[in-house]
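Below is one structure, written out as structure tokens, with a few remarks after it.
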Amino acid sequence: MKGRSWSRRFFLGASAAFAGTRLTGRAASAPLTKTTRDDRLALLGGTPVRSRPFSSWPILEDGDRKIWKEVLETRRWNRRGGSYVERFEAEWRERLGAKYVVATSSGTSALYTSLNALGVGPGDEVIVPPYTFVATINVVLLCHALPIFADSDRETSQLDPSRIEETATERTRAVIPVHLGGNVCDLDRILKISRRRGLKVVEDACQAHLAEWRGRPVGTLGDLGCFSFQASKNLNCGEGGAISGDDPELAATCTSFQDAGRGYQATSEGRLERAAAPLAHVRSGDNRRLTEFQGALLLAQLQRLDAQTRLRRENAAYLTRLFHEIPGIEPSRQYEGCTGNAYHLYMFRYRPEAFAGLPRNRFLEALRAEGVRCSPGYRPLNREPFLEQTLQSRAFRRIYPERVLKEWPERNRCPENDRLCEEAVWLGQSVFLGSRSDMEEIGAAVRKVSRQASTLVGS
Ligand SMILES: Cc1ncc(COP(=O)(O)O)c(C=O)c1O
């Protein structure tokens, strides 16, 4: 799998890909226990623990079909003149308890729009985690700002707040904490350090719909919060995004930026209205608008999000209990303030020493052969060659002193994250929309690989 980028797209079409794997007969899905006769690993010709697909994604119901058709018939497919995007903004605002929500064409657009609204630009530094999807860093580069990586906390798979202080300089303008996998960063510490140093905080909640910190939905605690509604996400319309926040001026600036720089003002009731200004355009902007079709699909899918989130949490908690009994499997810990994990990803660390030294990639192959779809997660983003290439581009060389660019690789070493990337294993969110017996089969598959690991070592 060398060279393959393990991104959210990996989880798409999970059931379709599963259907393509060769299964050897055993139709029943009962958990395999020590008493089962054929305990040989499926990779070595044994019977797989699981022979049916997990829940498929996305979910499509009659309400989705109906609302989609409704939009078609209105012939107002763009949000201007339509009502669906605006209704979705109002519902998402309500659900988050935010004063303002601005829909955008993607999570990347939400992040890029937010950085622009906060005035991040050439010469600025932005602190980012190395364990995230590439978009978190791309938007910083698009602003011609310098991404500075703060190492990960391996136990939680989140940005380590204690690294913010040591990476910040007088040039640092913002921090982008990513609530990776729907788990939540230590927001108490991140917000405290950021306030003390005057840094803006853009929460990347692209994987964390309805995750909570001390009872409040994430995306509402920093200066701005960003969501993605891309196809793999827990709330999805194919492609889409949103920005949340409480500051009327920032909300109006974000709205303006994603709508070609037209003038907007925020009302105290949370609406964002075209300003009755003499100038139609008040800034240079972009087109990052969501369409009415996407807004309508989100409205329909939002009706199911609470129930799905509860189900994911229940199943994930059960799997964690099962995993705690298996030496060498360490589910990502949550910080004490995390009162709700969205489980876009279920992340755990794999310790080969407890599996007779079986390398992680062989463990993953064995687990997949047993019928459990899993991935090794991200590679270290701070080491991606494209970063150095971008920093050596003409534009960056004109903005930043040679010394700053030369020191960048050394300044951005993240040894904890390097280890995390070697140890991590992920399961995707749709796996957790199934039953307890699905969790028992995952547990049974991991236990089977654990029992039989020595039969694979060296094979
Ligand atoms: C952590 C994170 N940030 C940003 C994004 C970008 O979102 P989008 O794909 O909607 O542009 C994603 C999407 O995968 C993500 O997972």
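The values are calculated or read from the model by the stated rules, or taken from the named source; none is laboratory data. Quick caveat, the model's predicted, so the values are computed rather than measured. Positions of Cβ are generated from backbone atoms using ideal geometry, with glycine treated the same way; all protein chains shown enter the neighbour counts.
Please work out which one of (1) in a loop (DSSP other than H, G, I, E, B); (2) touching a helix residue (DSSP H, G or I) at 6+ places or on another chain (Cβ under 6 Å); (3) within 12 Å of the ligand (Cβ to nearest atom); (4) not β-branched (Val, Ile, Thr) is the condition HIS209 fails and give its number.
Unmet for HIS209, out of (1) in a loop (DSSP other than H, G, I, E, B); (2) touching a helix residue (DSSP H, G or I) at 6+ places or on another chain (Cβ under 6 Å); (3) within 12 Å of the ligand (Cβ to nearest atom); (4) not β-branched (Val, Ile, Thr): (2).
If you scan the range 239-259, which residues turn out to be within 10 Å of the ligand (Cβ to nearest atom) and in a loop (DSSP other than H, G, I, E, B)?
Across the range 239-259, the qualifying residues are GLU239, GLY240.
Please go through the range 34-80 and give me each residue that is part of a loop (DSSP other than H, G, I, E, B), touching an Asp or Glu at 6+ places or on another chain (Cβ under 9 Å) and more than 22 Å from LEU433 (Cβ to Cβ), ordered by number.
Result: LEU41, GLY46, THR47, ARG76, TRP77, ARG79, ARG80.
Given the conditions (1) buried (at least 20 other Cβ atoms within 10 Å of the Cβ); (2) in the same structural domain as CYS254 (by TED's automatic domain parsing); (3) charged (D, E, K, R), and given that ASP286 satisfies all but one, which numbered condition is not satisfied?
For ASP286, the exception is condition (1).
For every residue, the table says whether it meets (1) under 30 Å from TYR346 (Cβ atoms); (2) touching a Pro at 6+ places or on another chain (Cβ under 8 Å); (3) modelled with pLDDT of 95 or more; (4) of a type in the set (Phe, Trp, Tyr).
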site: ASN382; (1), (2), (3), (4): yes, yes, yes, no
site: LEU391; (1), (2), (3), (4): no, no, yes, no
site: GLU407; (1), (2), (3), (4): no, no, yes, no
site: CYS414; (1), (2), (3), (4): yes, yes, yes, no
site: ALA424; (1), (2), (3), (4): yes, yes, yes, no
site: VAL431; (1), (2), (3), (4): yes, no, yes, no
site: GLY434; (1), (2), (3), (4): yes, no, yes, no
site: ASP438; (1), (2), (3), (4): yes, no, yes, no
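Among the residues that make up the range 199-215, is at least one of them free of Cβ contacts under 8 Å to residues at least 60 places away in the same chain, more than 24 Å from ALA231 (Cα to Cα) and not β-branched (Val, Ile, Thr)?
Checked the range 199-215: no residue is free of Cβ contacts under 8 Å to residues at least 60 places away in the same chain, more than 24 Å from ALA231 (Cα to Cα) and not β-branched (Val, Ile, Thr).
Test GLY295 against the criterion of being more than 30 Å from ASP188 (Cβ to Cβ) and not in a loop (DSSP other than H, G, I, E, B), and give yes or no.
So GLY295 fits the description; yes.
Of all strands (runs of 3 or more DSSP E) completely enclosed by the range 302-385, which ones contain at least 3 residues that are within 25 Å of ARG451 (Cβ to Cβ)?
329-331, 345-350
Considering each residue of the range 93-115, count those that are within 15 Å of the ligand (Cβ to nearest atom) and closer than 21 Å to LYS233 by Cα, and give that number.
Residues meeting the conditions: 13.
Can you tell which of LEU118, LEU141 is away from the ligand (no atom under 16 Å from the Cβ), aliphatic (A, V, I, L, M), in contact (Cβ under 8 Å) with a residue 40 or more places away in the chain and assigned by TED's automatic domain parsing to the domain that holds ALA205?
Step by step, each of LEU118, LEU141 is checked, and only LEU118 is away from the ligand (no atom under 16 Å from the Cβ), aliphatic (A, V, I, L, M), in contact (Cβ under 8 Å) with a residue 40 or more places away in the chain and assigned by TED's automatic domain parsing to the domain that holds ALA205.
Does the range 99-113 contain any residue that is in contact with a Cys (Cβ under 6 Å, 6 or more places away or on another chain), more than 20 Å from GLN207 (Cβ to Cβ) and buried (at least 21 other Cβ atoms within 10 Å of the Cβ)? Spell out the reasoning first.
In the first step, residues of the range 99-113 are kept if they are in contact with a Cys (Cβ under 6 Å, 6 or more places away or on another chain); the result is 102, 107, 110-111, 113.
Next, from what is left, pick out any that are more than 20 Å from GLN207 (Cβ to Cβ): none.
No, the range 99-113 has no match at all.
Say whether the condition of being assigned by TED's automatic domain parsing to the domain that holds GLN294, within 16 Å of the ligand (Cβ to nearest atom) and not in a helix (DSSP H, G or I) is met by at least one residue in the range 187-200.
No, the range 187-200 contains no residue that is assigned by TED's automatic domain parsing to the domain that holds GLN294, within 16 Å of the ligand (Cβ to nearest atom) and not in a helix (DSSP H, G or I).
Filter the range 342-360 down to the residues that are farther than 19 Å from ARG154 by Cα and surrounded by fewer than 23 Cβ atoms within 10 Å (Cβ to Cβ), then identify the one that is farthest from the ligand (Cβ to nearest atom).
By that ranking, first place goes to ALA356.
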